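Engineer: Pasting a structure below so you can have a look.
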Amino acid sequence: MEIILKQDIKKLGYTNDIVSVKNGYARNYLLPKGMAISATPTNRKVLAENLKQKSFKEEKVRKEAETLAKALDGITVKIGAKAADSGKIFGSVNNIQISEALKNQFSYDIDRKKIMVDGDSIKEIGTYTAEIILHKDIKSSINFEVFAE
C-alpha cells in the first residue's frame, strides 16, 4: 500500500514522502495515529500543490535573506562597554548586545540566536567579526567594534 507521510518516521521516510508499506502497518498503525494518509490520486494532487506553494514561499524567504546579506556586508557596529584602563571589559559583549546594536544603529531586526560570535562572548576592547546565519545556506559577516564608554 502506498502512503504519504505527514511526519518524519525513522527508517521509513520524511514528511511528504510517498512510500510503500505493508497493508497492516498502514491500516493499523500509521493511518489511525495520523502519521500518514493514503496515496490516492486526490491526495497526490494536494501534495503536489502543497509542495509547489512551499517552494514558492521558500524562494521568497531566500530572496529576502540574500537582500539582507548584501545590506549587511561592510557595516561596522559600534558597541560601548564599561572597561578598565587595561582594556578589559567589566562583564562581556555577546550576541544579545550585537542584535540590539544592529537594531538601534541600522534598523535591522535580527534574532540573537542567528548571530554567532567566536568564543560566545568578548571580554576586551577591540574590533571583532560576527557571523549571521540568515538562511540555512546564506551567511553574512559583520564587523563590530567594542569601545570604552
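The values are calculated or read from the model by the stated rules, or taken from the named source; none is laboratory data. Given the structure is predicted, the values throughout are model-derived calculations rather than measurements. Note that we place each Cβ from the backbone using ideal geometry, even for glycine, and neighbour counts take in every protein chain shown.
Engineer: Of all the residues that make up the range 92-112, how many are touching a helix residue (DSSP H, G or I) at 6+ places or on another chain (Cβ under 6 Å), more than 16 Å from Asn143 (Cβ to Cβ) and in contact (Cβ under 8 Å) with a residue 24 or more places away in the chain?
Structural biologist: Residues meeting the conditions: 0.
Engineer: Something else about it: Can you find a residue in the range 62-77 that is outside the structural domain of Thr15 (by TED's automatic domain parsing), modelled with pLDDT under 90 and over 15 Å from the mean Cα position of the chain (by Cα)?
Structural biologist: The answer is yes, given that some residue of the range 62-77 is outside the structural domain of Thr15 (by TED's automatic domain parsing), modelled with pLDDT under 90 and over 15 Å from the mean Cα position of the chain (by Cα).
Engineer: Quick check on the range 115-126. Is at least one of its residues farther than 30 Å from Asn16 by Cα, of a type in the set (Val, Ile, Thr) and within 14 Å of the chain's Cα centre (by Cα)?
Structural biologist: yes
Engineer: Next question, about the same structure. Within the set of pairs 6 or more residues apart or between chains, which connect a residue that is touching a residue at least 40 places away in the same chain (Cβ under 8 Å) inside the range 65-91 to a residue that is part of a helix (DSSP H, G or I) and of a type in the set (Phe, Trp, Tyr) with Cβ atoms less than 9 Å apart?
Structural biologist: Correct list of pairs: Leu72/Phe106; Ile75/Phe106; Val77/Phe106.
Engineer: I've got another one for you. Please verify whether the range 117-126 includes one or more residues that are within 16 Å of Ala71 (Cβ to Cβ), in contact (Cβ under 8 Å) with a residue 12 or more places away in the chain and touching an Asp or Glu at 6+ places or on another chain (Cβ under 8 Å).
Structural biologist: No, the range 117-126 has no match at all.
Engineer: Among the residues of the range 69-104, count how many are under 11 Å from Phe144 (Cβ atoms) and in contact with a Leu (Cβ under 7 Å, 6 or more places away or on another chain).
Structural biologist: 1
Engineer: What single numbered condition from (1) exposed (fewer than 12 other Cβ atoms within 10 Å of the Cβ); (2) among the hydroxyl-bearing types (Ser, Thr, Tyr); (3) within 18 Å of the chain's Cα centre (by Cα) fails to hold for Ser107?
Structural biologist: Going through (1) exposed (fewer than 12 other Cβ atoms within 10 Å of the Cβ); (2) among the hydroxyl-bearing types (Ser, Thr, Tyr); (3) within 18 Å of the chain's Cα centre (by Cα) one by one, Ser107 breaks only (3).
Engineer: Further question: How many residues are assigned to a loop (DSSP other than H, G, I, E, B), over 26 Å from Asp137 (Cβ atoms) and of a type in the set (D, E, K, R) when one looks only at the range 7-59?
Structural biologist: 3
Engineer: Considering only residues that are more than 26 Å from Lys88 (Cβ to Cβ) and over 21 Å from the mean Cα position of the chain (by Cα), which ones fall in the range 127-149?
Structural biologist: Within the range 127-149, none qualify.
Engineer: Taking the range 13-29 as the search range and keeping residues that are of a type in the set (A, V, I, L, M, F, W, C) and within 21 Å of Asn50 (Cα to Cα), which one is surrounded by the most Cβ atoms within 10 Å (Cβ to Cβ)?
Structural biologist: Val19
Engineer: Moving on to the next point. Let me confirm something: among Ala48, Ala36, which residue is assigned by TED's automatic domain parsing to the domain that holds Lys10, surrounded by 14 or more Cβ atoms within 10 Å (Cβ to Cβ) and modelled with pLDDT of 90 or more?
Structural biologist: Residue meeting the stated conditions: Ala36.
Engineer: Which residues, counting only those in the range 64-88, are more than 16 Å from Ile115 (Cα to Cα), surrounded by fewer than 18 Cβ atoms within 10 Å (Cβ to Cβ) and hydrophobic (A, V, I, L, M, F, W, C)?
Structural biologist: Selection gives Ala84 alone.
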